[in-house]
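Accompanying notes for the structure given below.
The values are calculated or read from the model by the stated rules, or taken from the named source; none is laboratory data. Since the structure is predicted, the reported quantities are computational estimates derived from the model, not experimental observations. Counting neighbours? That spans all protein chains shown, and the Cβs are built from the backbone with ideal geometry, glycine included. Keep in mind that these areas ignore ligands, DNA and RNA; they rest on the heavy atoms of the full protein, side chains included. Shrake-Rupley method; radii C 1.70, N 1.55, O 1.52, S 1.80 Å.
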Amino acid sequence: MNKVVVGAQWGDEGKAKITDLLAQNADLIIRYQGGCNAGHTVVAHNKTFKFHLIPSGILYKGKTCFIGAGTVILPEYFEEEIQGLIKEGIDVSGLKINPLASITMPYHTEVDGYSENTATKGKIGTTKKGIGPTYTDKMARIGLKVQDLYSPELSEKLDIILPLKNKTLKEVYGLKTYTKEEVLALCKKYAEIFKPYVCFDWQKVLEDAKRDKKAILFEGAQGVMLDIDYGTYPFVTSSNPIGGGAATGSGYGPAMIDEVIGVAKAYVTRVGEGPFVTELTDKTGDKIREIGHEYGVTTGRARRCGWFDAVIMKYAVLVGGLTSIALTKIDVFDTFDEIKVCTAYKDTRNGEIYTSYPTDVFIHKYLEPVYETHKGWGQDITGITEYGKLPENAKKYLARLEELLEVPISIVSVGPDREQTIFK
Ligand code: IMP
């Protein structure tokens, strides 16, 4: 069975743990989009590892881990991440980079920083890792791909890219321009960094895995609500975290996918700007943040917290192509008397009720959540490993979410450890 793991909300849903669990039974793991804007921590071999781009499946021996064509790579960050693994004695020989992946150049991070620092209205709250500008250049067909670093035609390519790039850097942003020699020197450095991992025969590796019916795990980053096409645009990332993104960013087509597992928290968090109808700016929000340790791995930012939103989740099931849900951090509610679930939005201007997600996010400021309230279970569930042993109220809560979302909850996570997982 080939599975895709997708974030079903605004990222940070606990995908790392689910991916880690599923990676055990996978032969080939492919990260299909995003870049080092993502961040997650994995505890293994009694050590803590921070991952941004490299599939954490690398921690298991004998797996092939691909950084797919749909990703963007910031070379210096990649080097730091890989060196960190090597220093801890991890065997990284299974890591492969698809030569079609895009490279984040220094001017991409500079433009991202500039746009974020100077924006007043319309600030996105990006991770400032150059993600948007790298994807912009990719789509504008003036980006650099990993394969270009080794091409005898690199100089010719730069003659096309650089005049355009420098004109924009100077005239639009008032930023430093780059000489061809500078960029060639950077490319030489990057070529060395990537050399041990670039897989020029990636087609053969993928063909062989397909023919041999190897188990493939497609690893998404961020979440459906940050998707460039379907998320809360423009407050989104610049790639396609949805299940369909696996079919463009991995090198395999959609028929290779058997299941799409959407990872969702029992509540919602978001970092960066953008609408968030169920956001709690009160003590309940603070309580969720503290119990759930809701602070970013990549940026350290405190995450905005709110109640579970079935409106966005139903939307995520549809556009994300989810076939089941892995619900994480349900144990955060162990001490809560009441747990709310948003089932609709009410427009405060005219009383209109939305049960389907309204995609014009500029009207979200007029929307308020319509909640139903569930009784808490008032006990520590972090040691429970069987669904049947969960308290009745927790089971009722899960059953109600399944009813609302019309997909099964296949995995329930009750704590950070691998053992704290209930397969339903
Ligand atoms: P960018 O991906 O750095 O361009 O940021 C765009 C938006 O996506 C911002 O709101 C970020 O906070 C958000 N974002 C990007 N990566 C992640 C992630 O891994 N988790 C949560 N939010 C993210």
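Quick rundown of the values:
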read-out: Test: residue in region 201-223 that is under 18 Å from the mean Cα position of the chain (by Cα) and either part of a helix (DSSP H, G or I) or polar (S, T, N, Q) (or both); value: yes
read-out: Search result, residues across region 300-323 that are closer than 25 Å to Q420 by Cα, open to solvent by less than 10 Å² (accessible area, probe 1.4 Å) and not hydrophobic (A, V, I, L, M, F, W, C); value: G306, D309
read-out: Qualifying positions in region 1-35 - away from the ligand (no atom under 15 Å from the Cβ) and among the hydrophobic types (A, V, I, L, M, F, W, C); value: M1, V4, L21, L22, A23, A26, L28, I29, I30
read-out: Residue in region 267-287 that is surrounded by fewer than 20 Cβ atoms within 10 Å (Cβ to Cβ), away from the ligand (no atom under 16 Å from the Cβ) and assigned to a strand (DSSP E or B) present; value: no
read-out: Residue match in region 211-220 (condition: closer than 27 Å to E402 by Cα, surrounded by 20 or more Cβ atoms within 10 Å (Cβ to Cβ) and within 11 Å of the ligand (Cβ to nearest atom)); value: yes
read-out: Flag if I228 is surrounded by fewer than 23 Cβ atoms within 10 Å (Cβ to Cβ), at pLDDT 95 or above and within 14 Å of the ligand (Cβ to nearest atom); value: yes
read-out: Subset of region 337-365 [under 30 Å from P391 (Cβ atoms) and among the small types (G, A, S)]; value: A344
read-out: Checklist (1) within 21 Å of N98 (Cβ to Cβ); (2) assigned to a loop (DSSP other than H, G, I, E, B) applied to Y173, failing item; value: (1)
read-out: All strands (runs of 3 or more DSSP E) inside region 1-120 with 2 or more residues being in contact with a Lys or Arg (Cβ under 9 Å, 6 or more places away or on another chain) and surrounded by 24 or more Cβ atoms within 10 Å (Cβ to Cβ); value: 3-7, 28-31, 64-67
read-out: Qualifying residue in region 61-80 (condition: without any contact (Cβ under 8 Å) to a residue 40 or more places away in the chain, under 30 Å from T179 (Cβ atoms) and within 14 Å of the ligand (Cβ to nearest atom)); value: no
read-out: Failed item, numbered, when V260 is tested on (1) of a type in the set (A, V, I, L, M, F, W, C); (2) open to solvent by 40 Å² or more (accessible area, probe 1.4 Å); (3) away from the ligand (no atom under 16 Å from the Cβ); value: (2)
read-out: Answer residue from region 231-256, given it is outside any loop (DSSP other than H, G, I, E, B) and within 16 Å of the ligand (Cβ to nearest atom) and is nearest to the chain's Cα centre (by Cα) among those; value: G245
read-out: Within region 288-299, considering residues that are within 12 Å of the ligand (Cβ to nearest atom) and either in the same structural domain as A38 (by TED's automatic domain parsing) or not aliphatic (A, V, I, L, M) (or both), the one surrounded by the most Cβ atoms within 10 Å (Cβ to Cβ); value: E294
read-out: Criterion violated by A316 - all others in (1) in contact (Cβ under 8 Å) with a residue 60 or more places away in the chain; (2) more than 16 Å from the chain's Cα centre (by Cα) satisfied; value: (2)
